[in-house]
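Engineer: I have a structure here, written as structure tokens, and I will follow up with some questions on it.
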Amino acid sequence: MAEPTFGVLGPLQVRASGAPVHIGGPKPRAVLATLLLQPGGFVSLDLLTEVLWPGGAPRSAVANVRTYVRMVRQALTAAGVSTAALRTGPSGYALEVAPDDSDMLLFERLLDQARAADDCGDDPAAQRGYEAALALWRGAALQDLPSSVVWDAAVTRIEELRSFAVDKCLEVRLRQGDYAPLVAELRTRLIQDQLREDLWRMLVQALHGAGRTTEARAAYAEAERTLAVELGVEPSGPLRAVGAEINGYAVRRRARAQVPVCQLPMDVEDFTGRSREVAVLEARLSAAGRAPVVVVVSGPPGSGKSTLAVHVAHRVRAAFPDGQLFVDLGGLSGRPREPADVLAEMLRGLGVIDSAIPAELGERAALFRSRLAQRRFLIVLDDAADGAQARPLLPGTGGSAVLVSSRRRMPGLPGYHCPLGVLPLDDARALLAGIVGADRLRLAGPDADRVITGCGALPLAVRIAGSRLANHPGWTVGTLADSLHDERGRLDQLQTGELEVRASAELSYFHLPGPAAETFRVFGQLPDEPVAGWLIAVAAGGAEEPADGLATLLDEHLVEVVATDRLGLRRYRMHALLRCYAQELADEEGPEVRLRRQLRLLDALIALTRCANAAMPTRFLGVLGTAVPPTGPATAVAEVVRAQPVAWFETERRLLVAAVESALLLGQVSRAAELAIEMASFFDMRGYYGDWLRTHRLVLDAMRAPSRDSPAGAPHATPVDARAAALLRNLGQLHLYQDRYADALAAFVASREIFATLGCPSGEAVAAVGAGSVHRVLGDLDAALRTFTEALHGFGAAGDRHGEAVARNAIASVWLERRDLDAAAPWLAGALELSRDLGDRHREAQVRRRIAVLHELRGEPGAACVELERALGIFDELADTHCAAYVQQSIGELCLRQGDAGKAAALLVDALAVQRQLGDRRAEARVACLLGELHRATGREHSARRYFHRSLSTWRRLDVHDQAELVDAKLRAVH
């Protein structure tokens with residue numbers, strides 16, 4: 001076997017063609033050693049810096065590390081060793097090493113082969129394998145380099161494997177009768193660890209097998225005496241059996257029959273669900289063998305961690321014949337248990353007498369690990385406070401397993417981590433049925449799911465709800481479901497006997513440090529939606545995202561990261577029942593604290609909506625507030641909002657709508673109005689007409705509400721306020737979209753009058769454009785032209801060039817309706833030039849739609865199609881689904897008239913779906929009629945009749961008689 005290129009099993013070594021390779025000084029060698037301990041794994045610059053400068057790195061550390069890596073690379077290249085496997089990443093390095101090129105990897109491969117032969121009973125092959133593996137060791141791992149905490153885990157692991165190989169090799173040689181040479185080696189090993197019963201057993205057997213029976217008996221007596229003095233215990237079964245064999249019946253006292261320890265609490269009889277977690281935990285724990293296994297179950301209060309741990313422990317008892325230990329660590333009690341006290345308790349469980357238990361924590365932990373080294377125990381550590389409390393309680397070697405339960409995440413604890421959440425719906429139903437009775441639950445129908453929803457599918461809450469129902473046979477499931485509907489009283493309903501959800505939440509809350517406790521209370525005033533970290537910081541009044549508070553709540557499973565939103569920001573959510581408790585705590589803080597918190601939220605949302613509007617790809621023809629840079633934690637997200645305004649609006653839409661309603665409940669009508677006004681541009685672009693109508697009506701109704709001094713029965717007048725005028729203008733636009741023309745005109749006229757009273761010509765002009773659009777749709781073209789012209793003058797007086805482009809395009813639309821193409825053309829040319837000069841691409845696309853109409857009326861369908869395609873491209877680029885649908889409709893009509901039925905059908909069907917979604921019934925009726933004409937022209941009369949019927953019924957609902965008559969005639973013409 002060729003000597004490996006790289007060696008860490010002794011002094012650091014590099015060899016090429018049989019000759020040693022010199023690798024620079026101590027620091028380049030330390031860099032190479034670190035890479036070799038993680039072959040193929042990425043090693044960060046931070047990790048290398050810690051190895052090289054454990055007491056603190058210089059400013060030039062990163063540059064120095066790169067220099068040392070370059071020195072390693074040069075030395076290897078000069079010796080003819082390929083450095084292609086030494087890969088450089090953006091912030092670290094990796095060294096790919098073939099198994100035969102590293103003595104560590106080769107040792108592990110040979111050891112695995114020896115184990116396989118050992119398992120198959122091939123002792124000669126196993127001995128050759130173990131000896132070949134051990135022959136690779138030249139001393140302690142990396143013994144010529146200063147130690148590093150970074151290396152500890154890898155070095156400890158490989159050293160333990162070496163010790164394991166030595167022990168196994170001794171066992172194999174003993175089985176093959178190699179007695180005499182073994183005696184000296186076993187005595188040497190016992191000098192290093194005189195409490196190893198397996199070594200004493202082999203020594204006694206080797207002496208006896210070599211015919212040195214007297215020495216064997218003396219060795220057994222020495223072992224018995226050492227264990228009694230040092231540990232206060234008798235020899236275990238295997239060593240006693242050897243003693244009995246060499247002593248015959250001369251064993252001095254009869255060993256007590258040892259009964260395996262079992263300290264597990266009673267399993268829950270009706271344990272239900274968690275089948276996936278149970279299967280995974282069983283498999284992990286049962287895999288304990290050559291090395292210990294650690295499994296950590298963590299989750300929020302009431303998720304059933306302890307119940308699951310005990311249940312799984314009972315299921316795997318057979319895999320741990322030496323016994324099962326159970327300790328309640330009291331992590332959430334007033335005084336969590338000290339590891340030293342817990343170790344003393346567990347040592348007693350292992351048979352160690354009090355006088356033999358050391359005083360120091362480290363010594364107790366060492367004795368505990370020694371007692372478990374050759375045994376298979378299951379240790380359940382319930383309610384651990386943190387990793388520091390649990391770490392001294394873990395075995396070091398052997399086949400034992402540890403199952404830890406905790407409310408806190410403990411990523412620093414080695415092992416498999418199993419986070420628990422709420423129950424899946426089917427599991428929650430099964431749990432409730434197991435307590436209440438399947439028949440009673442089946443009769444309850446959907447009320448059972450309402451109970452589970454009220455419990456948030458939290459196992460503790462479901463169990464309490466089931467117990468209450470079981471204890472009150474006269475109750476209906478629906479009665480309990482109704483009582484759980486109100487968040488404010490929900491926790492009062494979820495308590496029975498010693499079980500109480502509120503008490504479970506309190507235990508977690510009272511252990512939180514100040515920042516985390518403040519963050520917890522903040523969630524009591526946030527909506528039941530996933531929220532971004534910056535919003536939590538705003539509510540808490542901090543200067544930045546409350547990283548420490550949130551991190552603690554995450555570790556304690558009191559909040560969860562549920563998603564990363566469109567902007568790359570993490571979204572946090574608190575379980576509904578924990579939110580109920582957080583609401584109670586927030587209520588206790590007093591109305592002033594709650595009001596300050598809510599006002600901070602509203603002001604931050606208003607500031608960010610203005611930032612988003614200023615950066616929107618479309619220019620909304622409305623009256624918006626002046627963008628003011630946000631302050632506090634909202635500052636950190638402002639740049640993201642400006643970069644992706646539509647995505648931000650989409651992400652926060654539900655929150656923003658809820659904020660309008662919240663502001664009105666607080667009596668903050670002006671803030672509610674500002675927020676509603678700022679949202680209208682997004683509602684317009686994406687067609688969220690329901691949210692648009694609701695927010696604006698709620699705010700206007702609040703503005704019109706009579707004061708306490710108003711006489712009873714007095715009419716509610718529209719307030720003379722710029723915000724009211726803007727809301728009315730926006731509402732008029734929505735009415736226009738949805739064909740409520742009388743409502744639209746009234747809103748526009750009222751808005752215009754308020755703006756005129758306030759002396760705001762730009763706002764008056766915006767409202768005038770809306771009123772003119774209503775006149776045009778209703779066919780009053782004179783009134784439309786007059787109103788649009790007045791709007792143009794108003795925009796000019798206000799210096800609003802964007803508005804001027806809108807007015808020019810609107811005036812052109814009237815001349816197009818009149819078929820006066822020469823009059824329309826200059827208005828369109830002026831509107832297009834102005835839009836392009838301003839960089840207003842959305843307005844440019846709107847103008848191009850009208851230019852397409854001009855070309856079509858001139859008999860130039862090709863030119864019309866070009867303009868429409870340009871407009872559609874712009875709307876698609878701006879993600880304006882609403883306007884894009886109108887252009888698709890126009891292109892579809894043009895294709896239909898040009899005889900391209902296939903393209904027309906595809907465009908019109910898409911447009912119809914969008915208009916249906918947006919609620920634009922007039923556009924929907926037109927497109928349905930066009931599809932009827934298309935299907936009639938292509939001979940699909942059944943489809944034609946269906947679309948004509950749809951168009952006719954829509955026109956009749958709109959009370960547009962002339963259009964209804966036209967479609968009715970087309971329908972009758974279909975055979």
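Bear in mind that the values in this text are calculations on the coordinates, not laboratory data. These figures come from a predicted structure and were not determined experimentally. Ideal geometry is used to build each Cβ from the backbone, glycine not excepted, and the neighbour counts take in all protein chains shown.
Engineer: Would you work out which of ALA810, LEU868, GLY830 lies farthest towards the positive end of the dipole of the range 800-878? Charges go on Cβ: Lys and Arg +1, Asp and Glu -1.
Structural biologist: Highest projection toward the positive end goes to ALA810.
Engineer: Work out how far the C-alpha atoms of the range 1-176 reach from end to end along every principal axis, then list the three figures in whole Å, largest first.
Structural biologist: Computed over the range 1-176, the largest-to-smallest principal extents equal 60, 34, 26 Å.
Engineer: Dimensions of the range 512-704 along principal axes (Cα, Å, largest first)?
Structural biologist: Ordered largest first, the range 512-704 gives principal extents of 50, 37, 27 Å.
Engineer: Further question: With r as the distance between the Cβ atoms of LEU781 and SER44 and R0 = 60 Å, compute the FRET efficiency 1/(1 + (r/R0)^6) and round to 0.05.
Structural biologist: Given R0 = 60 Å and the Cβ-Cβ separation, E is 0.25.
Engineer: Another question about this same structure. Kindly put THR609, THR789 in sequence by how many other C-beta atoms sit within 10 Å of each C-beta, fewest to most.
Structural biologist: Ordered from fewest to most neighbouring Cβ atoms within 10 Å, THR609, THR789 come out as THR789, THR609.
Engineer: In Å and on Cα atoms, what radius of gyration and Dmax does the range 417-547 show?
Structural biologist: When restricted to Cα atoms, the range 417-547 yields Rg and Dmax of 17.3, 56 Å.
Engineer: Amide H neighbours of HIS417 under 5 Å, counting only residues 5+ apart in sequence or on other chains, H built in-plane at 1.01 Å?
Structural biologist: VAL296
Engineer: Provide the packing ranking of 501-509, 272-280, 586-594, i.e. peptides ordered by the mean count of other C-beta atoms within 10 Å per residue, highest first.
Structural biologist: Per-residue Cβ counts within 10 Å, averaged per peptide and sorted highest first, yield 501-509, 272-280, 586-594.
Engineer: To one decimal place, what Kirkwood hydrodynamic radius in Å is obtained for the chain from all pairs of distinct Cα atoms? It would help to have the intermediate numbers written out before the result.
Structural biologist: Numbers: mean 1/r = 0.0280 Å⁻¹.
Here the Kirkwood hydrodynamic radius works out to 35.8 Å.
Engineer: Which whole-percent values make up P(r) of the range 800-878 when all C-alpha to C-alpha distances are grouped in 10 Å steps starting at zero?
Structural biologist: Per 10 Å bin, starting at 0, the Cα pair percentages come out as 22, 52, 25, 1.
Engineer: Continuing with the same structure: Please state, to two decimals, what the Cα-based radius of gyration of the range 286-349 comes to when divided by 2.2 N^0.38 Å (N = residues).
Structural biologist: Cα-based Rg divided by the globular estimate yields 1.27.
Engineer: Moving to a separate point now. Treating cross-link reach as a plain straight distance, find the lysines whose alpha-carbon is under 24 Å from the alpha-carbon of LYS903, omitting any fewer than eight places away in the same chain.
Structural biologist: LYS970
Engineer: Hey, what's the Kirkwood Rh for the range 261-419 if you take every pair of different alpha carbons, in angstrom?
Structural biologist: 15.6 Å
Engineer: Along the charge dipole of the range 1-176, Cβ charges K/R +1 and D/E -1, which of MET71, GLN143, THR88 sits furthest on the positive end?
Structural biologist: Checked the options; the winner is MET71.
Engineer: Give the share of C-alpha pairs in each 10 angstrom bin for the range 553-606, from 0 to the last occupied bin, in whole percents, shortest bins first.
Structural biologist: P(r) over the range 553-606, rounded to whole percents: 20, 35, 41, 5.
Engineer: So, one more: Fewest to most neighbouring Cβ within 10 Å: what's the order for LEU878, LEU36?
Structural biologist: Result, fewest neighbours first: LEU878, LEU36.
Engineer: How would you rank PHE42, PHE795, PHE620, going from fewest to most other Cβ atoms within 10 Å of each one's own Cβ?
Structural biologist: The order, fewest Cβ neighbours first, is PHE42, PHE620, PHE795.
Engineer: Can you classify the range 717-787 as rounded, prolate or oblate using the Cα gyration tensor, where a ≥ b ≥ c are the square roots of its eigenvalues, rounded means a/c under 1.5, and otherwise it's prolate if a/b beats b/c and oblate if not? Walk me through the numbers on the way to the answer.
Structural biologist: Values: a/c = 2.42, a/b = 1.45, b/c = 1.67.
Oblate, since a/c reaches 1.5 and b/c is not below a/b.
Engineer: Related question: What order, most packed first, do the peptides 370-379, 332-341 have when packing is the mean number of other Cβ atoms within 10 Å of each residue?
Structural biologist: Top to bottom by mean Cβ count within 10 Å: 370-379, 332-341.
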